[in-house]
Amino acid sequence: MWFDSWADILRVLIVGAVSYATLVGVLRLSGKRTLSQLNAFDFIITVALGSTLATILLSSDVAYAEGFAALVLLAGLQFIVAGVSARWPGARRTITTRPTALVVDGQLQHHELRRNRLTESEVHQAVRSTGSGDLSSVAAVVLETNGKLSVIPAKTLGSGSAMSGIIGYPGDDR
């Protein structure tokens, strides 16, 4: 169907503008972390907020008040979970994963690659994207909690103080 009625289009325009303004307001009140995608839970909230906004816009079965409540609920839950995980290490371990070393001192960690379902090719691609063509020049490749690969060249490792808490990195006590 190409067109139902002008009333439906007007509803989308009005509810869309109000819902967008509401979402911006909710995000401003809930803080920067709500859309940061630092971990899987943050990513889920971002997708859920977008899906909720789309439902408010396109479904005449969802009243604006219900959509507003859903947006506030999602942002509120993210705020609570982020606060709890920041204050209690046990909760943080339950909610988020720890970063994992996939390369240590230029050597691929095959066990960690298998455990995280990654290929050597994906690690090589990450290393090449930093301009390096040789694993021996890499101190570490870390699979971060948000799924990104961080490449730390040997020449910039320094004291390695940023490497604490990484699974499979020397000094990790799991």
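A few points about this structure:
- Qualifying residue in segment 156-167 (condition: closer than 15 Å to residue 107 by Cα and small (Gly, Ala, Ser)): no
- So residue 126, is it surrounded by 15 or more Cβ atoms within 10 Å (Cβ to Cβ), in contact with a Phe, Trp or Tyr (Cβ under 8 Å, 6 or more places away or on another chain) and modelled with pLDDT of 95 or more: no
- Residue pairs whose Cβ atoms lie under 9 Å apart, separated by 6 or more positions or on different chains, with the first residue in segment 3-22 and within 22 Å of residue 69 (Cβ to Cβ) and without any contact (Cβ under 8 Å) to a residue 40 or more places away in the chain and the second of a type in the set (Gly, Ala, Ser) and surrounded by fewer than 14 Cβ atoms within 10 Å (Cβ to Cβ), do not occur.
- With respect to the conditions (1) of a type in the set (A, V, I, L, M); (2) within 29 Å of residue 45 (Cβ to Cβ); (3) outside any loop (DSSP other than H, G, I, E, B), residue 118 falls short on a single one, namely (3).
- Checking each residue in segment 127-143 for being in contact with a Pro (Cβ under 8 Å, 6 or more places away or on another chain) and over 16 Å from residue 108 (Cα atoms) picks out only 130.
- Condition check for residue 92: farther than 19 Å from residue 38 by Cα and part of a helix (DSSP H, G or I): no
- When the test is whether a residue is in the same structural domain as residue 118 (by TED's automatic domain parsing), closer than 15 Å to residue 113 by Cβ and not hydroxyl-bearing (Ser, Thr, Tyr), residue 135 passes it.
- Search result, residues across segment 5-20 that are of a type in the set (Phe, Trp, Tyr) and over 20 Å from residue 72 (Cα atoms): 6
- The set of residues in segment 143-165 that are exposed (fewer than 13 other Cβ atoms within 10 Å of the Cβ) and not small (Gly, Ala, Ser) comprises 148, 155, 156.
- Flag for residue 38 being closer than 27 Å to residue 143 by Cα and not in a helix (DSSP H, G or I): yes
- Any hit, segment 131-142, residues being among the hydrophobic types (A, V, I, L, M, F, W, C) and surrounded by fewer than 15 Cβ atoms within 10 Å (Cβ to Cβ): no
Residue-wise test of (1) surrounded by 14 or more Cβ atoms within 10 Å (Cβ to Cβ); (2) free of Cβ contacts under 8 Å to residues at least 24 places away in the same chain; (3) under 30 Å from residue 23 (Cβ atoms); (4) in the same structural domain as residue 45 (by TED's automatic domain parsing).
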| residue | (1), (2), (3), (4) |
| --- | --- |
| 80 | no, yes, yes, yes |
| 89 | no, yes, no, yes |
| 101 | yes, no, no, no |
| 106 | yes, no, no, no |
| 121 | no, yes, no, no |
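The values are calculated or read from the model by the stated rules, or taken from the named source; none is laboratory data. Given the structure is predicted, the values throughout are model-derived calculations rather than measurements. For neighbour counting, all protein chains shown are included, and Cβ atoms are generated from backbone atoms with ideal geometry for every residue, glycine included.
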